[in-house]
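Please read the structure below before turning to the comments.
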Amino acid sequence: MKIRRCAVLFIEPREDLGIDWAALFSGTGALGAALRWVALAPHLDRETTIDAAQVAALGAIGQTAWTERLDAERQLGAAMVDSLLALGLLLDDGASGSPARERDALLRAQHWRPLSAAAHMFSRWDGMQVDKGMHFPSFEELVQAYGAPPAPAIGRGDPEAAIKLPPPASGPLDAQLMQRYTGRNYDPDAALPLDVLARLLQRTFGAQAERMVAQEALVFKKTSPSAGGLHPTEAYVLVQRVPGVAPGLYHYHALHHALEPLTMLDAAAASELARQFVADQHWFVDAPVMVVMAARVARNFWKYRNHGKAYRALMLDAGHLSQTFYLLATEAGMPGFVTAAINEMVIERAFGLDPLSDAVVAVCGCGVAAAGQTTLELRFEE
Ligand SMILES: Cc1cc2nc3c(=O)[nH]c(=O)nc-3n(C[C@H](O)[C@H](O)[C@H](O)COP(=O)(O)O)c2cc1C
């Protein structure tokens, strides 16, 4: 049997801080720090504490070529090899296969940049409630805790030499730009008309034109830019209230301009899922529609293989799409939102997405504004 190390592995000397009760009572201090090695292997999707001997052993086995297991055992000891295989940090080529080896193969097939894979896999949330668990502070509370924030604008260079620019001319885009705001008060009874949803989805996520840029390489022209012209961002839709579309989970087909039903939900289940998606930010839950933006990483990484900028490009793509979505919502006379404070793992389970291949990036949504403003918004007219 042969073995090799998993494709991507980072090892962190983690410091855990805590109260040192003995030191506190003896009056020598109160803060205790414990150090341990943490293996961050994205294919495992969990942090693994290992010891110093395991760290050294992992450094002795390569991730590319397969090594005879017996040779590794002679060098490191059978118990060590067993322990690392059991943790899924070493993989064998046995006929029976293993979940860790399958995950590792999937990771290798995507062409992730290793640091990006770790950053993505270990920054996802499950069951987070930002409004409660992590505390969502107001600006007043933040100023109390941290003092004033850095100034909103800065000067650079010689102020005397600054070239004063003419006032901006008005333009047709102003109609949307000057009305756009993040809505945090949605009318819980209002529906999103189907024609508004259709325009929102098609003009944000839909193909406006198709172009064969090489044999077997088809790209879409969309209303937002996309790194490499590849448009890897897929739109997954949670419908709560759209006449003619039952509450549930859908995938939007960018070319067919169609909602593909995945799971039907009753109204209560759809609302509960919405709450979990946005990590308990109750001010977004009543939006009649939410759109999850998830990047099909292989589409971008097909060109940008093991590329230091590729993950950043995925984030930027979603940012552009969200702004286009906001402006279209504004045009329809309603506020929109985007949030990255989301429970990616809940979303992955709901839509059946694997984070190694389909990276959930952000959630946007929109709907009719409620009459009053319970949660803070920054509207232009105020
Ligand atoms: C990447 C990103 C993440 C955001 N996340 C949240 C969020 O988690 N919760 C929220 O209420 N607003 C969120 N927002 C909205 C911002 O708070 C909002 O844009 C900002 O306060 C300025 O207000 P405006 O959009 O009305 O101009 C986010 C915006 C962006 C671009």
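All of the numbers you see were taken from the coordinates with simple rules; none came from a lab. Computed from a predicted model, the values in this text were never measured in an experiment. No Cβ is skipped: glycine too gets one built from the backbone with ideal geometry, and neighbour counts run over all protein chains shown.
Placing a pseudo-label 7 Å from each Cα along the Cα-to-Cβ vector at LEU376 and LEU173 gives an inter-label distance of 2.8 nm. A 30 angstrom limit on the alpha carbon distance is what I want to check against. Which of LYS221/LYS309; LYS222/LYS309; LYS2/LYS303 exceed it? Distance filter (> 30 Å) returns LYS2/LYS303.
Angle between the Cα long axis of helix 310-331 and the longest principal axis of the chain, 0 to 90 degrees, nearest 10? Around 20 degrees separate the two axes.
The residues neighbouring ALA118, those whose beta-carbon lies less than 12 Å from its own, together hold a net charge of -1 under the Lys/Arg +1, Asp/Glu -1 convention.
If R0 is 51 Å, what FRET efficiency do you get for SER123 and ILE163 from their C-beta distance, rounded to 0.05? That gives a FRET efficiency of 0.80. Estimated at 0.36 nm per residue, the fully extended path between GLN63 and ALA198 surpasses their Cα-Cα distance by 43.9 nm.
Only DSSP H runs of four or more residues enter the estimate; each adds -39500 (n - 2.57), and after division by the residues of the chain the mean residue ellipticity at 222 nm equals -9000 deg cm²/dmol.
Think of the chain as having a plus end and a minus end, set by charges on the Cβ of Lys, Arg, Asp and Glu; of ASN343, ALA33, PRO355, PRO355 sits farthest toward the positive end of this dipole. In the chain, if the dipole is taken from +1 on Lys/Arg beta carbons and -1 on Asp/Glu beta carbons about the Cα centre, which of THR375, LEU85, GLY365 is farthest to the positive end? The listed residue farthest towards the positive side: LEU85. The stretch between HIS257 and GLU15, if pulled fully straight at 0.36 nm per residue, gains 82.1 nm over its current Cα-Cα span.
Ordered by the count of other Cβ atoms within 10 Å of each Cβ, fewest first, VAL285, VAL360 give VAL285, VAL360. Of the chymotrypsin sites (Phe, Trp or Tyr not before Pro) in region 99-201, not one is in a loop by DSSP (not H, G, I, E or B) with at most 13 other beta carbons within 10 Å.
Residues ARG305, ARG113, ARG180, ARG156, ranked from the fewest to the most other C-beta atoms within 10 Å, line up as ARG156, ARG305, ARG180, ARG113. Once you have a ≥ b ≥ c as the square roots of the Cα gyration tensor eigenvalues for region 274-366, tell me rounded if a/c is under 1.5, and otherwise prolate or oblate according to whether a/b is larger than b/c. Since a/c reaches 1.5 but b/c is at least a/b, the shape of region 274-366 is classed as oblate. For region 174-245 and region 347-382, compute the distance between their C-alpha centroids and round to whole Å. Measuring centre to centre over Cα atoms gives 13 Å.
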